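Undergrad: This is the structure, below, for whatever I ask next.
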Amino acid sequence: SQQGEEDPQALSIQEGENATMNCSYKTSINNLQWYRQNSGRGLVHLILIRSNEREKHSGRLRVTLDTSKKSSSLLITASRAADTASYFCATDDEGNTDKLIFGTGTRLQVFP
Amino acid sequence: NAGVTQTPKFQVLKTGQSMTLQCAQDMNHEYMSWYRQDPGMGLRLIHYSVGAGITDQGEVPNGYNVSRSTTEDFPLRLLSAAPSQTSVYFCASSYSLAGGSFDNEQFFGPGTRLTVL
């Protein structure tokens, strides 16, 4: 079964607004990664946050991790039309670190 | 560097046919994996390899075989195609797992869109 589930499944916003996506997972992890997928393309790595970190920034991206709630959030600030894509979280499993398991994804639509 | 390449981009098969999806990477990555992506299901891990000569099963391995004879190549074989295997298939690679955790980003290929009639 999949490790992560993203919420919401779909999100539509206007350019300039912030977009927040949430990820919940089931087991203890060593780290969590976020990926972006443009339509018809492969996934591209955005950011990795380790289990001992609570917050991480990269440009307009802000990721938080709450291991007690087994959840993470991805915030995209000042969104642009080019941010339109699907976003996935991915985690390893503390008990089986050979596998990276993906969530179901959030489809983000940013309108100009 | 070409990164991760996959061939073919598109394929249509009839039920019962077999085929091999090719995946190659030129980054000297030890770890390679195959995922399938279905609408509403996200990506599901089929098989993975932590190095040449080593393969293991993921979440949905049934109906698929893999081998890893070289560091560069990781082909995925469909033994007897079924309509349930209609999907988009992604190959990915990363540097070796380090420190007991999956802390390297994965690099993805462009995908193979497979339809089984």
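Undergrad: Working carefully through the options B:Met41, B:Met27, find the one that is of a type in the set (A, V, I, L, M, F, W, C), farther than 22 Å from A:Phe102 by Cα and surrounded by fewer than 21 Cβ atoms within 10 Å (Cβ to Cβ).
TA: Exactly one of B:Met41, B:Met27 is of a type in the set (A, V, I, L, M, F, W, C), farther than 22 Å from A:Phe102 by Cα and surrounded by fewer than 21 Cβ atoms within 10 Å (Cβ to Cβ), namely B:Met27.
Undergrad: Ok, one more. Identify the single condition in (1) surrounded by fewer than 16 Cβ atoms within 10 Å (Cβ to Cβ); (2) free of Cβ contacts under 8 Å to residues at least 24 places away in the same chain; (3) facing chain B (nearest Cβ under 10 Å) that A:Gly42 does not satisfy, given that it satisfies every other one.
TA: (1)
Undergrad: Another question, if that's okay. Return yes when A:Asn96 is at pLDDT below 90 and touching an Asp or Glu at 6+ places or on another chain (Cβ under 7 Å) and no when it is not.
TA: No, not satisfied.
Undergrad: Anything in the range B:51-94 that is within 14 Å of chain A (Cβ to nearest Cβ), part of a loop (DSSP other than H, G, I, E, B) and over 19 Å from B:Asn28 (Cα atoms)? List them, or say none.
TA: B:Gly58, B:Glu59, B:Val60, B:Pro61
Undergrad: Can you tell me which of A:Ser39, A:Ser71, A:Ser24, A:Ser51 is farther than 20 Å from A:Asn96 by Cα and of a type in the set (Gly, Ala, Ser)?
TA: The unique qualifying residue is A:Ser39.
Undergrad: Which residue out of A:Glu53, A:Glu17 is touching a residue at least 24 places away in the same chain (Cβ under 8 Å) and either in a loop (DSSP other than H, G, I, E, B) or under 27 Å from B:Met32 (Cβ atoms) (or both)?
TA: A:Glu17
Undergrad: Filtering the range A:11-35 down to residues that are out of contact with any Asp or Glu (no Cβ under 8 Å at 6 or more places or on another chain) and within 11 Å of another protein chain (Cβ to nearest Cβ), which residue is nearest to B:Gln37 (Cα to Cα)?
TA: If we take residues in the range A:11-35 being out of contact with any Asp or Glu (no Cβ under 8 Å at 6 or more places or on another chain) and within 11 Å of another protein chain (Cβ to nearest Cβ), then A:Tyr35 is nearest to B:Gln37 (Cα to Cα).
Undergrad: In addition: Taking the range B:35-69, which residues are of a type in the set (D, E, K, R), under 20 Å from B:Ala81 (Cβ atoms) and out of contact with any Asp or Glu (no Cβ under 9 Å at 6 or more places or on another chain)?
TA: Once the filter is applied, which keeps residues that are of a type in the set (D, E, K, R), under 20 Å from B:Ala81 (Cβ atoms) and out of contact with any Asp or Glu (no Cβ under 9 Å at 6 or more places or on another chain), the range B:35-69 yields B:Arg36, B:Asp38, B:Glu59.
Undergrad: Right, something else. Based on this model, can you work out whether A:Val110 counts as hydrophobic (A, V, I, L, M, F, W, C) and within 14 Å of another protein chain (Cβ to nearest Cβ)?
TA: Judged against the criteria, A:Val110 is not a match.
Undergrad: Which of the residues that make up the range B:1-24 are buried (at least 19 other Cβ atoms within 10 Å of the Cβ) and polar (S, T, N, Q)?
TA: Result: B:Gln6, single match.
The values are calculated or read from the model by the stated rules, or taken from the named source; none is laboratory data. Keep in mind the model is a prediction, meaning the values are calculated, not measured. Quick reminder, even Gly has a Cβ in these numbers, built from the backbone with ideal geometry, and neighbours come from all protein chains shown.
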